[in-house]
Amino acid sequence: MHRRLFVYDEQSCSFVEAGFSPTRRYVAFLGFFLLGAVLSALILWLLSPVLGTPAETALRAENEALRRQMEQTQDRIQSLQARLEELVRRDEELYRVLLGARPVDPEVRQAAVGGAEAYRFLNVFSSPAAAALRQTLKRLDQLERQIQLQQHSFAELRRLLQEREKLLPALPAIVPVQGTLVSGFGRRFHPILRIVRDHEGVDFIAPPGTPVYATGDGIVLRAETGGGYGNHIVIEHGFGYTTLYGHLRAFAPGMRPGRRVKRGEVIGYIGNTGLSTGPHLHYEVRRFDRPLNPLHFFLADISPARYQALREAAERSRLSLD
């Protein structure tokens, strides 16, 4: 049912039905169209911060994906950092202790990276994005340097282990003769010279002819007669270690300078040659020509009880035999 419009006609003093001319219809349609366009534009303007353009919508989605990726990267960096810290702990508390290596300086372990100037290229981004990227890159750079440092540390430990594998057979680590220790290392009274002086080794008594053993792998440096030590042998073990065996009655066959010997090999026999008061072996251990207490090297070869007995005997006697 169509609506009908009436208007008041003043001339006839009555209501008459109104009609629209084509022009008036066109103007009315145009007015409604413009009003709709204005309202639509107003609505889009009000909703633009929420909806945005298609390009802005895609950019927001991309930024959100990058944010999630950044969070995942941070989590992975943290996980790698924890694993690296465990390697560092084992390095310092286990491997370096076992191999006798010096600890790495904690400041060096931090592997500090450059300041803000090193990441100036990030300033083109917004402040929040630049800050997040800067933090991530700094952590990655620091982690990379710490990993490189740990690689160098493991390379050093590997080298030390290889040296230790060579050192262990060469170390003068056994008792050189089956005898009784009667004089220890340190200040002792010399019975022949009648003075107190440094006794730079230990003295074992045993029957003449008792075999004397090389205490570690090495090369005979000297096999000489005469002098205060009488018949004596000096073995060079490497790593700065040498051992001396004095007052021998005789050398084992083939003992001459340049001869390679093994730990436990017979190199001579107990005697009473040189400046000596009776048949015994004077035994010395030196490192880089610095005398060391031979007792410190016997612990790996004998029982704790025997080691304690040797130590007590060394401390009890204040007299040397040579």
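The values are calculated or read from the model by the stated rules, or taken from the named source; none is laboratory data. Model, not experiment: these values are computed from the prediction. We place every Cβ from the backbone using ideal geometry, glycine too, and count neighbours over all the protein chains shown.
Return the only residue of His232, His247, His282, His237 being assigned to a strand (DSSP E or B), touching a residue at least 40 places away in the same chain (Cβ under 8 Å), buried (at least 18 other Cβ atoms within 10 Å of the Cβ) and at positive phi.
Details: His232 fails: at positive phi; His282 fails: at positive phi; His237 fails: at positive phi.
Among His232, His247, His282, His237, only His247 is assigned to a strand (DSSP E or B), touching a residue at least 40 places away in the same chain (Cβ under 8 Å), buried (at least 18 other Cβ atoms within 10 Å of the Cβ) and at positive phi.
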Open item on the list: Given the condition closer than 18 Å to Gly184 by Cβ and out of contact with any His (no Cβ under 8 Å at 6 or more places or on another chain), answer yes or no: does some residue in region 206-222 qualify?
Closed with: yes
Task: Selection count where residues are farther than 19 Å from Tyr213 by Cβ and among the aromatic types (Phe, Trp, Tyr), scope region 258-292 - done: 1
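More than 16 Å from His280 (Cβ to Cβ), touching a helix residue (DSSP H, G or I) at 6+ places or on another chain (Cβ under 9 Å) and modelled with pLDDT of 85 or more, is that true of Leu171? Step through it out loud before you land on a result.
Details: more than 16 Å from His280 (Cβ to Cβ): yes; touching a helix residue (DSSP H, G or I) at 6+ places or on another chain (Cβ under 9 Å): yes; modelled with pLDDT of 85 or more: yes.
Answer is yes for this residue.
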TODO: Answer yes or no: is there a residue in region 285-308 that is within 18 Å of Val177 (Cβ to Cβ), over 37 Å from the mean Cα position of the chain (by Cα) and among the polar types (S, T, N, Q).
DONE: no
TODO: Return the total of residues in region 241-267 being among the small types (Gly, Ala, Ser) and under 14 Å from Glu284 (Cβ atoms).
DONE: 1
